[in-house]
Amino acid sequence: MKKYLVVILLLSCFILRLDAQDSTRTDDSTTEEKIALTAMTGIIVPLALAGTVISIAPPSVGFVTKNGTNYGSLNFESGIGIGEKKETGIFSDWRAGVSYSHIFSSRVRDIYRAEVKKDFNFAFIDRRKLWLSGFHVSVGVLTDFPNDGYTIGVGAWAKSPWLSYFGFFPQHTVGFTYRYNKYFGGSDFHEITMGMTSSFTF
């Protein structure tokens, strides 16, 4: 008797599974599919939007030279750019950006900057546009609270148009930047950074 019950139960489960997989069904999604779709929407969409807006990118590494002493630093930089669209990418012509440099020393304050950059693009170097390259010059203001000053910079960069962040903005670039910094009415110092920066380029 137990064998017959086991066989009947197994056949019932098998028939139910066949019915669930019937491709001719036209009703709505199953409860499990609805739950999975809701969960995916609730997780993936916010992550994509937050990643695009916040621009989570690895920082640039570098060093700051003050009074003849070098200090290691981490620099986070992002901004908004205005560019010219090409076949496979976006070249930024002007960028307005903000950056934060964390100095690895309790004797040196962290630095905050607001800058305007002018980009010069080398579109003729790689006509296949596998890597877009160029250099920039920049000017801006800085503060380390309470000291304020100005900054002048120059740098070179490269980026792949095929690797935009989440398929949207911002565009991330890899390169290096040298900055000459001077406090208003005070001392000057130098900073070199190398790594990744990002920009919302339109």
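The values are calculated or read from the model by the stated rules, or taken from the named source; none is laboratory data. Values in this document were obtained by computation on a predicted structure and should not be read as measured data. As a convention, Cβ positions derive from the backbone with ideal geometry for all residues, glycine included, and neighbour counts pool all protein chains shown.
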Cβ pairs under 6 Å, 6+ apart or interchain, first in segment 179-202 and basic (Lys, Arg), second surrounded by 19 or more Cβ atoms within 10 Å (Cβ to Cβ) and assigned to a strand (DSSP E or B), ordered by first then second residue, are ARG179/THR151; ARG179/GLY153; ARG179/GLU191; LYS182/GLY149
Only one of PHE176, PHE184, PHE135, PHE166 is loosely packed, with under 13 Cβ neighbours inside 10 Å and at pLDDT 90 or above; which?
-> PHE184
Which residue out of PRO46, PRO146, PRO161 is out of contact with any Asp or Glu (no Cβ under 6 Å at 6 or more places or on another chain) and modelled with pLDDT of 75 or more?
-> PRO146
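Being at pLDDT 90 or above and not aromatic (Phe, Trp, Tyr): is that true of ASP119 here? Break it down into steps so the answer makes sense when it comes.
On the way: at pLDDT 90 or above: no; not aromatic (Phe, Trp, Tyr): yes.
So ASP119 fails the test.
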